[in-house]
Amino acid sequence: MKREREDKIKVVAGIDIGSVTAKTVILDRTKKILAYSIVEEGIVNEESAILSLKNALEKVGLTEKMVEILITTGYGRDLVRFKNKSFSEISCHAKGAYFFDPETKTIIDIGGQDSKAIALDSEGKVKAFQMNDKCAAGTGRFLEVMSRALKLSLSSMGEIAANSQHPCHVSSMCTVFAESEIISLSAQGFSKSDIIAGLYESIARRTLSLMSFLPVQPKVMMTGGVAKNKQLVKVLERITNTEIVVPQEPQIVGALGAALIALQGMGGEG
Amino acid sequence: MGETNRLKSLSSLGKEVNEFYMKYKRAGEEKKTICRIMGYPLPHVILRAHDVYYMFLPSYAATSAARHVVGRLHQVAEEKGLLREVCSYVRANVGCAFSAEAGIAGADPMYSMPKPDFIVVTESSCSMTFNWGDAERRIFNVPLFVVHSPYVWDEADEKDAIAEVTRQLREFISFLEDITHRRFDWDKYKRTMALAKETAGLRMNTMDQACQTIPSPATLFDWTSLLAMINYLIGLPEGRDVALNVREEVLQKIERKEGAVVPEKYRLYWDGIMIWPYLGKLAQKCAALNANVIWSRYSTFSFWESPEMIDLENPLEGNAIQVVRLHFNRNIDWLIENITRQCQRYHIDGLLIHANLTCRTMAGPQLEIMDAVSRRLGIPAVYFEGDMTDETLISESQIDTRLQALIETIEARKRG
């Protein structure tokens, strides 16, 4: 895809190409979010980034030509040939989270295949961060595999877990081992609600360990697709003993941060 | 986008390393005395002075990894029952020991190494080293000699530790005389030590001067390549010549204000053993971000790091000092203090912490080092997992993201 600039309307775009979804945010010069889109992708590629960008632009009747600067982030950030520049998801999540709430000091991001914790200073700059991106433990992919093993839809898991009285102890965090463990728990007669609640607790413990490397301060914001699971957020709050805020659309925080960086490049306030 | 401008004077080392292994193989064929060493490059000069050919096993693993032929060796070792969690240097060498049995000896010149006459372990704080030596003793059914360096908790321990290692080295010389049925030539040893002292001194001084200079004329990727000079050529005129050539090139580059990364905008510290299969690629990735990895405790606090303390009238003690003062042998406070001081001296902007998954000795104190040094200097740090030789434990995208995020964080702080 080739972008030719058109002078009349100028917008910037940020695309976050994750391992499971591609997200785009379109901003105008005043930092107003004009549109966003989230596209599920089978495998990280440039096509899903293009589709995500097109979907977002079409929502507000814009074309690629009107995008002055395009910044990419995420696992597949360098796959997009028509970008102006790429930034790490750490910088972009920090930027996006601070934009949503300038009081944010800590970010927990649990995405499709990685998780990270980021500490910010009072100006929204990254102080320190920790990532787990070597295995799918405790991520969206982990929950997907568990939902298949329990023969449940991913979206129904939170509601079922809310009914748990005695969460099981799930010790394995490796996706493969945890799958075997929950099959074994199921065979022992534990209810699905207790098993899922146990899984959520194991994710929360892993997140706590990620956070333990950082100077965690409130406010704590959770981003990424997994933040949409309200029950899991509740468990995280309990285990980490922290109040967690979730923005209205937690999945676009990285793309928003990328768009804000693009705006800076255009001479805006980004 | 920055580019690399690495030291040209190191290019001869590849040829020297090839010749080293050819000589070792030839010595085996001619039934000369040969041995395998694991641990620290401590007995090299003693062996050289006694005309014993050696193979230094950590270096063998690193060289095999840099040449991308280590995977098959790991596989052979794993077929023999070694778990993937075991030190990947050990797996590479056990794979090499079984290369003939596995039918791969002819597949690469690095695979076919002759059976040693004995094995030497120079063990500091890595417990794996002794087990490794013992495993090889059983595999080859040859004698094993262990030099153990006591852990140095504080400065007061150092003197005792040096005396103890010196005593063990004296025993080692008797062991050598028994095995070879030849008297040890102390005069030759002194001459070899003099060359070793000069070579190691040149290395340390050149590194220190280069690391202080902005832009630095060299990079950690040069210094790690230069380790071949210690591991393969220490005590030989050829080793000193390499050190002299490197020094000359470094001084010329300083004079011309020529950096190893052009342009050099960020100066990084590296903690951990190098990722040998990834050396060139990593150098390019850093340079592309205008980052120069300036130094590491691995290259600066190891490998004959205290040559100035060698008294040529008492060479055995000088030899012992080189293992006692090794950073592996030091407590965490010493590490934090010294890494902080060197980072200040070398104007470091950020810390890259590489946790070697199969080297617990190196990885053990890393989180504390990262936390303390980062806080004291107010500079950002990133931590990532990898391995010194096992490519299956290395994730390129993981390194890319952390490296980019570190540079972005440094840049954001610089902008204020």
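Each value in this text was obtained by applying a stated rule to the coordinates, not by laboratory testing. The structure presented is a predicted model; accordingly, all values stated were derived computationally and were not measured. Every residue, glycine as well, gets a Cβ built from its backbone with ideal geometry; the counts of neighbours run over all protein chains shown.
Tabulated data for the structure shown
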| read-out | value |
| --- | --- |
| Ascending count of other beta-carbon atoms within 10 Å, so fewest first, for B:HIS354, A:HIS169, A:HIS93, B:HIS181 | B:HIS181, A:HIS169, B:HIS354, A:HIS93 |
| Those lysines that a straight Cα-Cα span of less than 20 Å connects to A:LYS151, excepting residues fewer than 8 apart in one chain | A:LYS192 |
| Of all DSSP beta bridges in the stretch A:1-121, antiparallel share, percent nearest 5 | 70 |
| Sites A:HIS166 and A:PHE213 - FRET efficiency at Förster radius 35 Å, r taken between beta-carbons, to 0.05 | 0.65 |
| Spatial separation of Cα centroids for the stretch B:263-305 and the stretch B:15-82, in angstrom | 25 |
| Tally of Lys pairs whose C-alpha atoms are under 26 Å apart, taken over the stretch A:43-124, 8 or more apart or cross-chain | 17 |
| Reciprocal of mean inverse Cα separation for the stretch B:121-267 (Kirkwood radius, Å) | 18.4 |
| Translational diffusion coefficient (Stokes-Einstein; Kirkwood radius from C-alpha pairs) of chain A at 25 °C, 0.890 mPa s, in µm²/s | 130 |
| Which listed pairs, of A:LYS31/A:LYS125; A:LYS23/A:LYS125; B:LYS25/B:LYS253, have C-alpha distances above 27 Å, in listed order | B:LYS25/B:LYS253 |
| About the Cα centre, charge dipole magnitude for the stretch B:19-173 (Lys/Arg +1, Asp/Glu -1 at Cβ), debye | 680 |
| Square roots of 5 times each gyration tensor eigenvalue, C-alpha, the protein assembly as shown, largest first, Å | 51, 30, 22 |
| C-alpha center-to-center spacing [the stretch A:126-166, the stretch B:306-380] in angstrom | 40 |
| Size-normalised alpha-carbon gyration radius of the stretch B:29-98, reference 2.2 N^0.38 Å | 1.21 |
| Cα point-scatterer Debye curve for the stretch B:1-153, base-10 log of I(q)/I(0) at q = 0.16 Å⁻¹ | -0.91 |
| Dipole magnitude of chain B, debye to nearest 20 (Cβ charges: Lys/Arg +1, Asp/Glu -1, about Cα centre) | 720 |
| Fraction of antiparallel bridges per DSSP, the protein assembly as shown only, in percent to nearest 5 | 35 |
| At 1.002 mPa s and 20 °C, Stokes diffusion of the stretch B:288-360 via Kirkwood alpha-carbon radius, µm² per second | 150 |
| Lys/Arg +1, Asp/Glu -1 at C-beta; the protein assembly as shown dipole; positive extreme among B:HIS68, B:LEU279, A:ALA94 | A:ALA94 |
| The stretch B:186-255 - Kirkwood radius from inverse mean 1/r over Cα pairs (Å) | 12.3 |
| Dipole-positive endmost among A:LEU236, B:ASN290, B:TYR53 within the protein assembly as shown (Cβ charges, Cα centre) | B:ASN290 |
| Charge dipole (the stretch A:1-140, unit charges on Cβ, about Cα centre) - positive-most of A:VAL60, A:ASN132, A:ALA117 | A:VAL60 |
| Scaled radius of gyration (Cα, divided by 2.2 N^0.38 Å) that the stretch B:204-322 gives | 1.12 |
| Value of relative contact order over the stretch B:359-416, rounded to a whole percent, pairs C-alpha under 8 Å and six or more apart | 28 |
| Amide H contacts under 5 Å for B:SER124, placed H, 5+ residues apart | B:SER149 |
| Residue order, fewest to most beta carbons within 10 Å, for A:SER19, A:SER171, B:SER125, B:SER299 | A:SER171, B:SER125, A:SER19, B:SER299 |
| Computed magnitude of the charge dipole of the protein assembly as shown (debye, nearest 20; Cβ of K, R +1, Cβ of D, E -1) | 1200 |
| Mean Kyte hydropathy of 0.0 or more with a Cα span along the axis of at least 27 Å, helices from DSSP in chain A | A:192-211 |
| Inter-probe distance in nm under a simple model that places probes 7 Å from Cα toward Cβ, at B:ASN245 and A:SER156 | 7.2 |
| When chain B is reduced to its Cα atoms, the Kirkwood hydrodynamic radius in Å | 21.8 |
| Gyration tensor over alpha-carbon atoms, the stretch B:84-138, equivalent ellipsoid semi-axes in Å | 22, 13, 9 |
| Order of B:GLU177, A:GLU64 under a 10 Å beta carbon neighbour criterion, fewest first | B:GLU177, A:GLU64 |
| Ellipticity estimate at 222 nm from DSSP helix runs (n ≥ 4, -39,500 (n - 2.57)) divided over chain A, nearest 500 | -11500 deg cm²/dmol |
| Relative contact order %, the stretch B:147-283, counting alpha carbon pairs below 8 Å whose residues are six or more apart | 23 |
| √(5λ) per eigenvalue of the Cα gyration tensor, the stretch B:257-416, largest first, Å | 28, 18, 16 |
| Antiparallel bridges, percent of DSSP beta bridges restricted to chain B (to nearest 5) | 5 |
| The stretch A:64-124 versus the stretch B:162-239: alpha-carbon centroid distance in Å | 49 |
